[in-house]
Amino acid sequence: MNLLDELNEPQRQACLLTDGPLLVLAGAGSGKTRTLTYRIAHLIHDVGIHPSQILAFTFTNKAAREMKTRIEMLVGPESRFMWIGTFHSVAVRILREHIHALGYDNRFVVYDAEDARALLRDIVKSLNWDEKDWPPALFQNAISRAKNRFVTPSQWEDASVYGRRIQEVYRLYQTRLKELNALDFDDLIFQSVQLLESHPEVRAHYQQRFRHVLVDEYQDTNMAQYQFIKNLVGADSRLCAVGDDDQSIYGWRGADMRNILEFQRDFPGAQIVRLEENYRSTQVILDAANAVVRHNQGRLGKELWTKKGAGDLIRVYRAPDEESEAWYAAEVIHEAVRRGRRLADCAILYRTNAQSRAFEMAMTRAGIQYRLVGGKRFYERKEVKDVLAYLRVVFNPADDMSLLRIINYPRRGIGDVAQRRLREYAAQEGISLAEALARAEAIEGLSAQARRAAQELATLLAGFQEEGEASLADRVRHVAEASGIMRLLRQERTREADDRLENIGELISEAKRFQDEQGSRDLGEFLGWVSLVSDWDETQDDGGGVWLMTVHSAKGLEFPLVIVAGLEEGVFPHARSFDEGTVEEERRLMYVALTRAQEELYLTYAETRTMLGRTNANSPSRFLREIPEALTTRGERLAPADRATHAASHRIDGLSLGEKVRHPRFGWGTVVALRGEGEDTEVTIAFPGGGVRSFLAKFAQLTREETGLSGA
């Protein structure tokens, strides 16, 4: 049987067109990886190309391993002579062989992000600049963007004070790296391009070697990667780029969508093959995705279709607020499991990591196991723990462990030596570390800078303690601001720092919700409540459960049931996109979100959402309006009568404090708190050795085994 008989006609064409440049526009779920591997197998098995003459780029090491395995299964062990790897791994192979031409030793080391940041910190210090004003992360991000755009220090064009300082650090940084015989991660491609462009003999060697070059996820390439490819593809080489312009969602990382849109201009004579048959989703889901992305101007155009049939309508749910939105998601999943779905079949997708908190809480209280992808659980995130550490010291000045976490964060000149002196003095005097800070003037061995910094911190913490009449949200906001944490993150000017700021904003919102719901502004009560939530979070494992992740993290994945949440203007599309002119990228992100669903798709939005401690009313996302109404139906909460019927044979009536009940996962425990009434009763149970946990009684599956009764 012919190897290509297993493919559909466009996939076959993508394998057979081997004589010139080819762009394969592979829609979501259209068998892109299968086509790419079969093309390589065809080149080796049918065309007679030796594997050593083939170079294939992937974007992750995992993708490279999977491709190698698939190709070896198709053509045998000789495929191991191929070069298959990420751009960076291919660059390392080339540089190990030829980097001496650039004045480096072939035994160069590669600095990771932490190593690079430490070097930048030394440079900032050597220039006598205040790190609080000029954080290393700011320079690291700017230099990375420059290298990805293939801009050298001498080509830097920003003549502002800010720009000139970045140029100076960039120049010193590159000089120091060369002195250390080191490259950072971005240098691997940057220096490879320098090598190939400045040494024609090296460029000719690789152009003659690789007769076929293949690039996966071409829409995600940046300018430096594009230059790398161009220099490796000679006049006789054939380039096959596989990608989807409608899934280009990494512009903020430096990906340049023009690389795929202008492919035919960059490689004259290039042909385009469109893979439009989708093997993943129902036609209703695909029609919605097609309708949304069709509103973008910058695209090459294609229409996804499937043989799977129309499928169910998309359910759109309007929630009063983000808490209700999360409860709706819990009810949808609970109902899906009742119908036979596995928890692992279900995914909740959202635009930003900060949105995970409401869903984590809802899943935990509903007794639904979950796993969080692409980020730490909310209360385990560094920026959240940092702000909470300040708050704990404010509430309890004797909390030395929390104080040690933030004593020099943000950096204020209380280094390791000063910290040791302070701890020794506190132990000697039998006082807390906070008291030692206030007495810094009397401590021997402290530098003048450390004394001053210690006393300033003591004054700052004392000021925080005097805010007893402020609302909880205002106290949390003031601590985050006055401590310097938010200022530091703003100065970094990175997408990661923006995400961290959003997480702090969600913590401020959580303080407001706590005060509104509990009627208490007591900081100790809030911190105690947070500790319980953290305890619940830490017990979740990754052995199974509902998937919680951002849409970016979901790219490449698929699930039978998908809930896309937070579909409001300013949330999804993100408010940042309005200022940056990236709404079309947000729309492509929505396209990715929709096409993750195989059978069931739910779209939710909230009428009001609390952010940064302030409740705002947002209009529904434009992306909802772009989906034809004929494809959607109104999503409804389970009707009270239905819930009562479903719960009737499973509910424990008359739960009481101190009662012993059994949970299917955590075993026997004691009821220690009850909130709410009827179907919405929330029960808090203490489990021996398992911590304190809260659940909605209707979902908790509690039993009194001696009576045979259980709770829904």
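Tabulated results
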quantity: In segment 542-579, the residues that are of a type in the set (Val, Ile, Thr) and more than 25 Å from SER30 (Cα to Cα); calculated: VAL546, VAL571
quantity: The one condition in (1) closer than 24 Å to GLY524 by Cβ; (2) surrounded by 15 or more Cβ atoms within 10 Å (Cβ to Cβ) that LYS382 fails to fulfil; calculated: (2)
quantity: Count of segment 269-312 residues which are polar (S, T, N, Q), part of a loop (DSSP other than H, G, I, E, B) and surrounded by 15 or more Cβ atoms within 10 Å (Cβ to Cβ); calculated: 5
quantity: Conditions (1) hydrophobic (A, V, I, L, M, F, W, C); (2) modelled with pLDDT of 90 or more; (3) in a helix (DSSP H, G or I); (4) crowded, with 21+ Cβ neighbours inside 10 Å: number failed by VAL337; calculated: (4)
quantity: Near pairs, Cβ below 7 angstrom, 6+ apart or cross-chain, from segment 299-327 (within 15 Å of ILE627 (Cα to Cα) and in contact (Cβ under 8 Å) with a residue 12 or more places away in the chain) to any residue that is surrounded by fewer than 20 Cβ atoms within 10 Å (Cβ to Cβ) and hydroxyl-bearing (Ser, Thr, Tyr); calculated: LEU313/THR632; LEU313/THR633; ILE314/THR632; ARG315/THR633; VAL316/THR632
quantity: Check on GLU705, of a type in the set (Asp, Glu) and either open to solvent by less than 80 Å² (accessible area, probe 1.4 Å) or at pLDDT 70 or above (or both); calculated: no
quantity: Residue under evaluation ALA398, criteria (1) assigned to a helix (DSSP H, G or I); (2) open to solvent by 30 Å² or more (accessible area, probe 1.4 Å), criterion not met; calculated: (1)
quantity: Any hit, segment 270-289, residues being modelled with pLDDT under 95, of a type in the set (D, E, K, R), within 22 Å of GLY556 (Cβ to Cβ) and under 26 Å from the mean Cα position of the chain (by Cα); calculated: no
quantity: Sole exception among (1) open to solvent by 40 Å² or more (accessible area, probe 1.4 Å); (2) under 22 Å from ASP246 (Cβ atoms); (3) of a type outside the set (Val, Ile, Thr) for LEU16, by number; calculated: (2)
quantity: Count of segment 79-134 residues which are farther than 18 Å from VAL193 by Cβ, aliphatic (A, V, I, L, M) and touching a residue at least 24 places away in the same chain (Cβ under 8 Å); calculated: 10
quantity: Residue within segment 252-261 that is crowded, with 17+ Cβ neighbours inside 10 Å, more than 24 Å from THR35 (Cα to Cα), touching a Ser or Thr at 6+ places or on another chain (Cβ under 9 Å) and in contact (Cβ under 8 Å) with a residue 40 or more places away in the chain present; calculated: yes
quantity: First in segment 549-570 and farther than 19 Å from GLY375 by Cβ, second anywhere and open to solvent by less than 30 Å² (accessible area, probe 1.4 Å) and of a type in the set (Phe, Trp, Tyr), Cβ under 7 Å, 6 or more apart; calculated: LEU567/PHE623
quantity: Any hit, segment 469-490, residues being under 37 Å from the mean Cα position of the chain (by Cα), surrounded by fewer than 15 Cβ atoms within 10 Å (Cβ to Cβ) and of a type in the set (Lys, Arg); calculated: yes
quantity: Test: residue in segment 37-51 that is touching a residue at least 60 places away in the same chain (Cβ under 8 Å), open to solvent by 10 Å² or more (accessible area, probe 1.4 Å) and either of a type in the set (Val, Ile, Thr) or in contact with a His (Cβ under 9 Å, 6 or more places away or on another chain) (or both); calculated: no
quantity: Residue satisfying condition, being at pLDDT below 80 and out of contact with any Ser or Thr (no Cβ under 8 Å at 6 or more places or on another chain), within set ALA648, ALA630, ALA697, ALA673; calculated: ALA648
quantity: Residue satisfying condition, being under 30 Å from GLN283 (Cα atoms) and either out of contact with any His (no Cβ under 8 Å at 6 or more places or on another chain) or modelled with pLDDT of 90 or more (or both), within set MET67, MET82, MET73; calculated: MET67
quantity: Qualifying positions in segment 340-365 - open to solvent by less than 10 Å² (accessible area, probe 1.4 Å), of a type outside the set (Val, Ile, Thr) and not in a helix (DSSP H, G or I); calculated: CYS346, ALA347, LEU349, TYR350
quantity: Only listed residue being modelled with pLDDT under 70 and either touching a His at 6+ places or on another chain (Cβ under 7 Å) or exposed (fewer than 15 other Cβ atoms within 10 Å of the Cβ) (or both), chosen from SER710, SER656; calculated: SER710
quantity: All positions within segment 599-620 that are open to solvent by less than 40 Å² (accessible area, probe 1.4 Å), within 24 Å of LEU501 (Cα to Cα) and not polar (S, T, N, Q); calculated: TYR605, ALA606, ARG609, GLY613
quantity: Index of the failed condition, ASP236 passing every other in (1) acidic (Asp, Glu); (2) over 22 Å from THR582 (Cβ atoms); (3) under 30 Å from the mean Cα position of the chain (by Cα); calculated: (3)
quantity: Residue pairs meeting the criteria (Cβ under 8 Å; at least 6 apart or on separate chains; first touching a residue at least 40 places away in the same chain (Cβ under 8 Å) and of a type in the set (Phe, Trp, Tyr), in segment 348-370; second open to solvent by 10 Å² or more (accessible area, probe 1.4 Å) and assigned to a loop (DSSP other than H, G, I, E, B)); calculated: TYR370/GLN540
quantity: Residue selected from segment 541-598 under the condition open to solvent by 20 Å² or more (accessible area, probe 1.4 Å), polar (S, T, N, Q) and not in a loop (DSSP other than H, G, I, E, B), by the criterion modelled with the highest pLDDT; calculated: GLN598
quantity: Odd one out for GLU444, checked against (1) surrounded by fewer than 16 Cβ atoms within 10 Å (Cβ to Cβ); (2) assigned to a loop (DSSP other than H, G, I, E, B); (3) modelled with pLDDT of 90 or more; (4) not polar (S, T, N, Q); calculated: (3)
quantity: Search result, residues across segment 302-353 that are β-branched (Val, Ile, Thr) and in contact with a Gly (Cβ under 7 Å, 6 or more places away or on another chain); calculated: VAL316
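The values are calculated or read from the model by the stated rules, or taken from the named source; none is laboratory data. It should be emphasised that the depicted structure is a prediction, and the values quoted were computed from it without experimental measurement. FYI the Cβ positions are ideal-geometry reconstructions off the backbone, even for glycines, and counts take in every protein chain you see. Protein only, heavy atoms only, side chains kept; ligands, DNA and RNA dropped before computing areas. Shrake-Rupley method; radii C 1.70, N 1.55, O 1.52, S 1.80 Å.
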